[in-house]
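The values are calculated or read from the model by the stated rules, or taken from the named source; none is laboratory data. It should be emphasised that the depicted structure is a prediction, and the values quoted were computed from it without experimental measurement. Note: ideal-geometry Cβ built from the backbone for every residue, glycine included; neighbour counts use all protein chains shown. For accessibility, only protein heavy atoms count, side chains too; no ligands or nucleic acids. Shrake-Rupley method; radii C 1.70, N 1.55, O 1.52, S 1.80 Å.
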Amino acid sequence: MKISFLLFAFFLFLAGCAHVISDESRKLVDPTIHFQNLRTDPDAYVGKYVKLGGTIAGVQNTKDGSQLEVVQSPLESDDLPEEVSHSSGGRFLATTPGFLDPIVYKAGRRVTVVGQVQGKKTLPIDQVEYAYPIISIREIHVWRKSEYEQPQYPPPGYFSDPFWYGGPPYWWYRRPYK
């Protein structure tokens with residue numbers, strides 16, 4: 001009985017350590033390439049694989065394929081990009097010859113991308129010319145809100161009563177405010 005429980009607990013623990021990017025793609029990634037270096041000189045890293053993440057700023061579909069504009073943000077240990085409001089090193093373009101549905105890949109959603117560096121492309125952002133590193137998508141994961149926003153329990157304000165003192169059978173008791 002104890003052995004089956006320990007095996008169950010072990011496999012449950014392993015399931016919690018799963019990554020959203022496959023092992024084959026993870027092995028291709030060069031971990032020494034940081035986004036700041038890539039943004040400064042994308043041509044120096046052409047042909048190398050990188051793992052980047054961020055928030056989608058826009059998607060564009062053409063007859064030649066699709067292009068995601070992503071506002072980069074650092075990845076956490078589980079490959080989840082941090083919120084863009086906290087930090088960003090800039091933007092990059094993630095391209096694919098296939099079609100990316102604008103409803104699935106809509107602005108504001110977080111993504112993690114593994115792809116090959118293809119160089120750079122200069123496009124306008126408002127009235128500024130911006131040089132984007134181009135990443136050819138090998139694998140992409142779009143994060144669902146439920147994957148990174150855990151519900152709060154108890155809800156905020158639930159224990160805000162300054163006289164609250166635990167649960168049953170003490171509900172009737174309201175200790176004096178200190």
How many nm is it between the label spots at V20 and K121, if each spot is 7 Å from the Cα in line with the beta carbon? 2.3
What GluC sites (Glu not before Pro) does segment 46-86 have in DSSP loop regions with at most 14 other beta carbons within 10 Å? E76, E83
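What is segment 18-115 by shape, rounded, prolate or oblate, if you read a ≥ b ≥ c off the alpha carbon gyration tensor as root eigenvalues and call it rounded for a/c under 1.5, prolate for a/b larger than b/c, and oblate otherwise?
Details: a/c = 1.32, a/b = 1.20, b/c = 1.10.
Note, shape of segment 18-115 comes out rounded.
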With all protein chains in place and a 1.4 Å probe, S88 shows an accessible area in Å² (nearest 10) of 60
In square angstrom, rounded to the nearest 10, how much accessible surface does L80 have for a 1.4 Å probe? 10
How far is it, in nm, from the label point at H86 to the one at R109 when both lie 7 Å from their Cα along the line to the Cβ? 2.2
Ordering R39, R138, R110 from largest to smallest accessible area (1.4 angstrom probe), what's the sequence? R138, R39, R110
